[in-house]
Every structure is written in structure tokens, then in C-alpha cells.
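Asker: Structure below; questions to follow.
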Amino acid sequence: MLQKHQPIGIFDSGIGGLTVANAILAHLPQEEIIYFGDTAHLPYGDKSADAIRYYCLKIAKFLMEKDCKMIVVACNSASSVGYEVLLEFFQEQLLFANVVDPLVEVALSVPYQKIGIIATKATINSGVYQAKLKQEGAHLSVAAMATPLLAPMIEEGFVHNRISDVVLDTYLGSPDFKDIDALLLACTHYPLIKPDIEQYFKHRVKVYDSGALVARQVAQQLQAHHLLNEQSTPPQHKFYISDYTRSFEETARRFYTHRIDLEYCNIW
């Protein structure tokens, strides 16, 4: 039996998922989280689907051993190719959420004619976003583009400057994105440059990221299963990474707004 006081597990290939952790804690401050960043294998965007599925299963087992009541796959690459495998193995034992479905649902809630998607190679090549959007919105025109330079650019701190402006113009200026009504930021790194993207389109394109949307879905699931934490004691969050570098710890501060102590844990 799952209990209200159990933590929420969140994992990503690295630090992008910390934007999702931020959103969940802002929405559910009483919940305790256990975060796992698989920094030994980042980025997932360049890995094969089979490799990503293996990583997902291994990390899920680790989080289950930490007694989590729910696991949030806070990585678009992992959500795109590994989420169904997690459900197949573990959905009877705990709750799950991903970062793909909330974005698709909000996009389909508005009668858009053309939607753009930017993400890693793995996410775009999986075709998950495109298939889900077309399944429910046959009228939709979908333009999907792999934007592999954005995540390392953001991690290295090249944001809100001439370098990021040039990279964004190279991607977003593609003819494929002409006349889009909305753009889905299908990578958890991208919220850090969301204002730049909105400005690029002169605020004429609705830009969506998954953070707050995932947080609401997590809250809805926990409430539906009567698992919202009601304890008044301050939660004790844990942050694990599978490979440690000082530069990573410094970069993590850009993604997570609270104090963070990273603990090395090589589960491999």
C-alpha cells in the first residue's frame, strides 16, 4: 500500500529535470522529492532507444528502493521511448507521470492549425509528439525539429546573449516554422530560454513548456489516489547523480532555485 508521506521520485539524464522539480515543489511544497540525474550517461538525446529504456528501468528500480510513491520521468527523451516500458513493468506498484502527455493535452485543448516542436534528436526521432498530436487532431499541421545545440548551450550558460540569439535564429527561422500558432518546448532545459523564444516570435506564438503542466498532473494523480502529503514537518529532499563534477554542481544552480546538495550515487 502506498502511503501519503512517501516521496516523489523524479529523474532525468542530467539537470534539465530540475526545472520540473522546481515546478512540482512550487505547486506541492509539502511533498518530499528524490531526484536522480543520470549524469554518467548524459545526454540521452543522442542515445539509442534500447539504451534509454535500460536506463529508465534501472533508475526506476533505484527510486522504488527509495520507497517512492510516484515516479516522474522528467526527461523528454526518456518519456518518449522509455515510458511505456516503465508502465509495463511497474504500473501496478506505484504511480507514474511523464513530460510528454501534459504538453500534448494542452496543445490539443486549443484549436490551433499549426504546432511546432523543438527537442533532442531522440525525442524527435521517436515521433511520439507528432503521433499523439495527429491522433487527436487530424486537422493539425505539425512541424518538428531536433535542436541538439540548445541543451549544451544552456548548460554552459550561453543564454540571453549574441551566441544564443544566433543559435535560436538558425533553428526558429526555419521555413518549417512559418505560420505556427504554438511551439512546444519538448526538452526540460528549454524553459530557461523560454523568454528569448517568446521574444523571437514577438509574442505572436504561444510557447509551452512542461513544468507547471506536469506539476498539475502530479497533483491530480496524487489527489485522485488520496496520496497528497498532509504532514506538516518540512520535507527532506534528496538529489542524486551518477557522475559528479564541480562544474555540474555549479550548472545545477541555474536550473534549481533552492539550495541543492548533490550526492554521488553510481547505480551502474
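All of the numbers you see were taken from the coordinates with simple rules; none came from a lab. Values in this document were obtained by computation on a predicted structure and should not be read as measured data. Note that we place each Cβ from the backbone using ideal geometry, even for glycine, and neighbour counts take in every protein chain shown.
Asker: Would you be able to tell me the number of residues in region 115-136 that are under 16 Å from ALA182 (Cα atoms) and surrounded by 18 or more Cβ atoms within 10 Å (Cβ to Cβ)?
Answerer: 8
Asker: Restricting to strands (runs of 3 or more DSSP E) lying wholly in region 167-268: which have 2 or more residues that are surrounded by fewer than 19 Cβ atoms within 10 Å (Cβ to Cβ) and over 19 Å from the mean Cα position of the chain (by Cα)?
Answerer: Hits in region 167-268: 262-264.
Asker: I need the helices (runs of 4 or more DSSP H) fully contained in region 1-81, keeping only those with at least 3 residues that are in contact (Cβ under 8 Å) with a residue 12 or more places away in the chain and on the phi > 0 side of the Ramachandran plot.
Answerer: none
Asker: Suppose we filter region 169-208 for residues that are touching an Asp or Glu at 6+ places or on another chain (Cβ under 6 Å) and among the hydrophobic types (A, V, I, L, M, F, W, C); how many remain?
Answerer: 2
Asker: Which numbered condition in (1) touching a helix residue (DSSP H, G or I) at 6+ places or on another chain (Cβ under 8 Å); (2) closer than 30 Å to TYR171 by Cα is the only one that LYS114 fails?
Answerer: Looking at each condition in turn, LYS114 falls short on (1).
Asker: Looking only at residues in region 83-114 that are over 14 Å from the mean Cα position of the chain (by Cα) and among the small types (Gly, Ala, Ser), which one is surrounded by the most Cβ atoms within 10 Å (Cβ to Cβ)?
Answerer: ALA107
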